[in-house]
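Visitor: Below: one structure in structure tokens.
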Amino acid sequence: MRVPITLDLHLPNFNYPGVGPDAVFEKLVEIAETAERSGFSSVSLMDHLHQIGPVGPPQNWMFDGNTMLAAIAARTSKLTLGTLVGGVTYRNPALLAKITTTLDVISGGRAWLGIGAAWFEAEHEAYGFDFPSLGRRFEYLEESLQILRAMFTQEQASFEGEYFHVREAYNNPKPIRGDIPILIGGSGERKTLRMVAQYADGCNLFAADGDRARHLIGVLEAHCERLGRDPGEITKTGMGGYVIADTKEAAEAKMRRLVDEGAMPPQRAEMTLAADPDTVGEHATSLKDAGLEGMTTSIPDVYDLESVALYGEVLGRVFND
């Protein structure tokens, strides 16, 4: 079962100009509905408790991703939905399987599960979550992946690990498709991509250009060969940061305005391509030619519905053809 993503709208920031707490959900619905009409095939939310530095200040609004996805699922009909990506340290994996299956039922079979080893140490300290070593977090991730798949597919799930266990656990009702696609986020060549090859249906890579994407896909394919896995079973997606306007000059001016207004931290601007639609399309095409089948993009002015539609049109021409 592949992850059904061709173009994903990543919604990270909920401080929208002129939108108060009483109206923010309806604004999110408007964004999702616009994305659904404009070429996006999926919507994802961050799995964080407060905002991350590369995107905005920590006091910005941040909802529970799974709860908000369930609400968006009830107001949309085609978008697939998942967190990009869930931190393995935040939830017992059996509970996460139940949460994701609930989302799948609400959405009529449109859920996918994104998960990774977690990284935001300051957030763990703020909210009282343990933050073990990276090696230990990868051990958590490997056990969690096995429990998640068992909960999705087995009548009763049993697994005895060093950190997690389930014993004849029920997950009823089952996912509508009999399973839920699992996506692992990250580009670690030794552990992350090996786990993608062994357990996952999709990956989300940090690849700024075609050469980097091609290299990471080659690493993944080598893991697949060693494990006897067909790499064609795995949906390969990547992160992409863009600011799009009619001309390069207008896009750069727009990005400067977003930085000046505090909607886009300078650190994020440094990782973002500001360009006209043709140039953005060419960059996205280079990633597709390198082997990526989909893209995740986080729009700094996502509150502007015309901007959302433009991104869907430009990137949809690349990945939806």
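Visitor: At a Cα cut-off below 16 Å, give the lysines reachable from Lys288, other chains included and same-chain residues fewer than 8 away excluded.
Guide: Within reach: Lys236.
Visitor: Sticking with this one: Add -39500 (n - 2.57) for each DSSP H run of 4 or more in the chain, then divide by its residues: what number comes out at 222 nm, to the nearest 500 deg cm²/dmol?
Guide: -13500 deg cm²/dmol
Visitor: One quarter of the convex hull surface, Cα atoms only: what value does that give for the chain in nm²?
Guide: Values: hull surface 62.7 nm².
Its average projected convex-hull area is 15.7 nm².
Visitor: If you don't mind, another one. Evaluate the distance, in nm, between pseudo-label points positioned 7 Å from the Cα of Glu306 and of Ala23 along their respective Cα→Cβ axes.
Guide: 1.8
Visitor: Okay, moving on. To make sure I understand the rule: partners must be lysines, Cα under 21 Å from the Cα of Lys174, and not fewer than 8 residues away in the same chain. Which ones qualify?
Guide: Lys78, Lys98
Visitor: Moving on to the next point. Estimate the FRET efficiency between Glu30 and Asn92 by the formula 1/(1 + (r/R0)^6), using the beta-carbon distance for r and 35 Å for R0, to the nearest 0.05.
Guide: Numbers: r = 34 Å, r/R0 = 0.98.
That pair, Glu30 with Asn92, gives E of 0.55.
Visitor: Here is a further query. Multiply the residue gap between Gln198 and Asp64 by 0.36 nm, knock off their C-alpha separation, and tell me the result in nm, one decimal place.
Guide: Details: separation 134, 0.36 × 134 = 48.24 nm, distance 2.89 nm.
Result for the pair: 45.3 nm of gain on full extension.
Visitor: At a threshold of 8 angstrom on Cα-Cα distance, excluding pairs fewer than six apart, so keeping six or more, what relative contact order does region 232-313 reach in percent?
Guide: 43
Visitor: For the Cα atoms of the chain, what angle does the longest principal axis make with the long axis of helix 93-107, in degrees from 0 to 90, nearest 10?
Guide: Relative to the chain, helix 93-107 is tipped by roughly 60 degrees.
Visitor: Still on this structure: Among His124, His223, His50, determine the one that fluctuates most according to a GNM of the chain built with springs between C-alpha atoms less than 10 Å apart.
Guide: His124
Visitor: Label points 7 Å out from Cα along the Cβ direction at Asp260 and Asp278: separation in nm?
Guide: Between Asp260 and Asp278, the label points sit 2.8 nm apart.
Visitor: Continuing with this model, one more query. Compute log10 of I(q)/I(0) for region 148-232 with the Debye formula, placing one identical point scatterer on every Cα and leaving out solvent, at q = 0.17 Å⁻¹, to two decimals.
Guide: The Debye formula, applied to the Cα set alone, gives -0.80.
Visitor: A follow-up question, please. Relative contact order for the chain: what is it in percent, counting Cα pairs under 8 Å that are at least 6 residues apart? All intermediate terms of the calculation are to be shown ahead of the outcome.
Guide: On the way: 626 pairs, mean separation 67.5, N = 321.
Here the relative contact order equals 21 percent.
Visitor: Right, another one. With a 10 Å radius around each residue's Cβ, average the other Cβ atoms per peptide and rank 150-156, 128-134, highest first.
Guide: Numbers: 150-156: 17.3, 128-134: 11.9.
Highest to lowest by the protection proxy: 150-156, 128-134.
Visitor: Ranking request for peptides 290-300, 225-235, 29-39: highest mean number of other beta-carbon atoms within 10 Å first, then the rest in descending order. List each step's numbers first, then the result.
Guide: Working: 290-300: 22.1, 225-235: 13.9, 29-39: 19.3.
The most tightly packed comes first, giving 290-300, 29-39, 225-235.
Visitor: Here's another thing I want to ask about it. Where the accessible area of region 257-321 is counted over protein heavy atoms with a 1.4 Å probe, how much of it, in %, is carbon and sulfur?
Guide: Summing carbon and sulfur atoms, their accessible area is 49 percent of the total for region 257-321.
Visitor: Tell me, how many Å apart are the Cα centres for region 122-150 and for region 28-58?
Guide: 24
Visitor: Just need the relative contact order of region 1-142 here, percent rounded to a whole number, with Cα pairs under 8 Å and 6+ apart.
Guide: That works out to 22 percent.
Visitor: Mind grabbing the base-10 log of I(q)/I(0) for region 166-321 at q = 0.11, 0.19 Å⁻¹? Debye formula, identical points on the C-alpha positions, no solvent, two decimal places.
Guide: Scattering profile of region 166-321, log10 relative to I(0): -0.54, -1.12.
Visitor: With a Förster radius of 30 Å, plug the Cβ-Cβ distance of Met271 and Arg75 into 1/(1 + (r/R0)^6) and report the FRET value to the nearest 0.05. Intermediate results must be reported in sequence, preceding the final value.
Guide: Details: r = 31 Å, r/R0 = 1.05.
The pair Met271/Arg75 has a calculated efficiency of 0.45.
Visitor: Sum up the charges of everything whose Cβ sits under 13 Å from the Cβ of Lys191, counting Lys and Arg as +1 and Asp and Glu as -1, but leave Lys191 out.
Guide: +1
Visitor: Of all beta bridges DSSP finds with both residues in the chain, what is the antiparallel percent, to the nearest 5?
Guide: 10
Visitor: Find the accessible area per residue for the chain; the probe is 1.4 Å, ligands and nucleic acids are left out, and the unit is Å². Intermediate values should be presented prior to the final figure.
Guide: Working: 13450 Å² over 321 residues.
Normalised by residue count, the accessible surface of the chain is 42 Å².
Visitor: Turning to a different aspect of this structure: In nanometres, what is the gap between the two model label sites at Ser133 and Tyr163, each 7 Å from Cα along Cα-to-Cβ?
Guide: 1.2
The values are calculated or read from the model by the stated rules, or taken from the named source; none is laboratory data. Remember, it's a predicted structure, so these values are computed and weren't measured experimentally. Don't worry about glycine lacking a Cβ; one is built from the backbone with ideal geometry, like all the others, and counts go over all protein chains shown. For accessibility, only protein heavy atoms count, side chains too; no ligands or nucleic acids. Shrake-Rupley method; radii C 1.70, N 1.55, O 1.52, S 1.80 Å.
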